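A short worksheet on the structure shown next.
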Amino acid sequence: MKARNIIILTALLLVSCYSFGQEVQNFSLREAQEYALKNSAEVKNTKIDNDIARKKIWETTAIGLPQISGTVNYQHQFKVPEMNFGGSSFLKLDPALPAGTPLTSDMVGNTLTLGSNPGQPIKLGLMDNTTMDVTVSQLVFNGGYIVGLQAARVYYQIADQNYQKSQIDIKESIANTYSLILIVENNRAVLQRSLDNITKTLSEMRQINKQGLNEDTDVDQIELTSLNISNAINTITRQIDASYDLLKFQMGVPLEKKIALTDNLDGLIANVDLATLTGKQFNIQSNITFKIMSTQEAFGKLALRKEISNSLPTIAAFYKHTEKLNQAAFDFTPKDILGLSVNVPLFSSGQRTVMVKQRKLELEKITNSKNKAIEGVKLDYTNSKNELNSTFEKYLNEKKNIELTKRIYDKTMVKFREGISSSLDLTQVHNQYLTAQSNFFTAAYNLLTAKNKLDKIINND
């Protein structure tokens, strides 16, 4: 039993040491955004797409460069074809005749006969043979290849712009979540100060209640307020934890790692330069959505050109060298061949015409989408400017409301302690003060998110 207790105690100590030993990494808003640009999964994937598109350019380029291929063929013939050109003929003398006998015409068929030698057959191939070919080909002209090469570069532009867009999007997301954490942390701090004041007041009222100088309902009312604030603090604490996890998820930080934010809410709000943001001349060509749509339109034009170029001939040159391990007696296969091939599309039953019309319609759709996107970006810019102005005015008003409700609360607290105001009055003005604080933090968050949205539209770093 003692051994078990020692093991449990050792494990608890190890966990405790690990927890205390975890390094807390600090991030300013700018540092958090830069970290996300390097570690966010979304940004990484668009970066990979960008690299793939870059390699696609070389893949397309290589189609028009010299191509070398080699083949090795082994063949076995069960019966090799043969050819016989005939044998030779000769006169044969009867061996019984004495040597030196003169030849006469009447000897033919009797003592002088006709003999022949059969011809030797010639094989027209080999039973087993291995052939090796090396072919070099070069594309001379192809209209689709030229357009495809241009399209590959435009495709890379689209991938690169999508990569830029993912960076802009993640920066906005990080800024919004970073601001949210600062908002809820400040809200919790306000509630904690309120709880401390209420707790102190509750303790004083309980002492007074023991002396019979106030009613139980006054104590209960203040205690109820204290419990409500405690519940609100617990809820906000869980919200803070969830917001930190969200920020780490967006940044690409492991969830078990601890991070801390070094910027403060006042500093972020101080960076909201309303005059500069709303007075800056908007150049729609710097907007990433406009860039992507313009590049897609260029890609659509190239797709149309490629379809039209399919009616042009394709010209290719080639050179082929052949070697055989075994050579037949009669082999007329040339070792070296140099040639030029021309492929001319003559008739496609109207298919090419229909394909061209389809590409034209697709291009028209892209152009319509581009024009709509341009108007949408302009509308977003106008709405974002108006929203920024409205949220800034709302922020200033809510800031004044906090000052007013704080003064009312402080005066009511004094009256309550003097017995002039009731606990219900104190609770009402206290709730009014907390509501003003909540409205202020909401206005501050809306102001920061409106600023982040406008930064995204105008591509403001």
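The values are calculated or read from the model by the stated rules, or taken from the named source; none is laboratory data. Treat the numbers as computed from the prediction; the structure is a model and nothing was measured. In this analysis, Cβ positions are derived from the backbone assuming ideal geometry, glycine residues included, and neighbour counts consider all displayed protein chains.
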Residues (part of a helix (DSSP H, G or I) and surrounded by fewer than 19 Cβ atoms within 10 Å (Cβ to Cβ)) located in segment 266-289: Asp266, Gly267, Ile269, Ala270, Leu274, Ala275, Thr276, Thr278, Gly279, Ile284, Gln285, Ser286
I want to confirm something. Restricting to segment 42-85 and keeping residues that are loosely packed, with under 12 Cβ neighbours inside 10 Å and of a type in the set (Gly, Ala, Ser), which single residue is nearest to Asp169 (Cα to Cα)? Ala62
Residues Ser421, Ser390: which one is modelled with pLDDT of 90 or more and small (Gly, Ala, Ser)? Ser390
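Just name the residue that is nearest to Leu126 (Cα to Cα) out of those in segment 309-332 that are hydrophobic (A, V, I, L, M, F, W, C) and either in contact with a helix residue (DSSP H, G or I) (Cβ under 6 Å, 6 or more places away or on another chain) or assigned to a loop (DSSP other than H, G, I, E, B) (or both). It would help to see each step written out before you state the result.
Just the residues of segment 309-332 that are hydrophobic (A, V, I, L, M, F, W, C), to begin with: 312, 315-318, 325, 328-330, 332.
Pick out the ones that are also either in contact with a helix residue (DSSP H, G or I) (Cβ under 6 Å, 6 or more places away or on another chain) or assigned to a loop (DSSP other than H, G, I, E, B) (or both) and you get 312, 325, 328-330, 332.
Details: Leu312: 45, Leu325: 11, Ala328: 6, Ala329: 9, Phe330: 10, Phe332: 13 Å.
Only one residue fits best here, namely Ala328.
Kindly establish whether Leu447 is modelled with pLDDT of 95 or more and in contact with a helix residue (DSSP H, G or I) (Cβ under 8 Å, 6 or more places away or on another chain). Walk me through how you get there before you give the answer.
Working: modelled with pLDDT of 95 or more: yes; in contact with a helix residue (DSSP H, G or I) (Cβ under 8 Å, 6 or more places away or on another chain): yes.
So Leu447 passes the test.
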Just for segment 407-436: of the residues that are touching a residue at least 12 places away in the same chain (Cβ under 8 Å) and touching a Lys or Arg at 6+ places or on another chain (Cβ under 9 Å), which one is nearest to Leu379 (Cα to Cα)? Ala436
Just name the residue that is surrounded by the fewest Cβ atoms within 10 Å (Cβ to Cβ) out of those in segment 373-406 that are in contact (Cβ under 8 Å) with a residue 24 or more places away in the chain and of a type in the set (A, V, I, L, M). Leu404
Residues that are in contact with a Pro (Cβ under 8 Å, 6 or more places away or on another chain) and buried (at least 17 other Cβ atoms within 10 Å of the Cβ), drawn from segment 290-317: Asn310
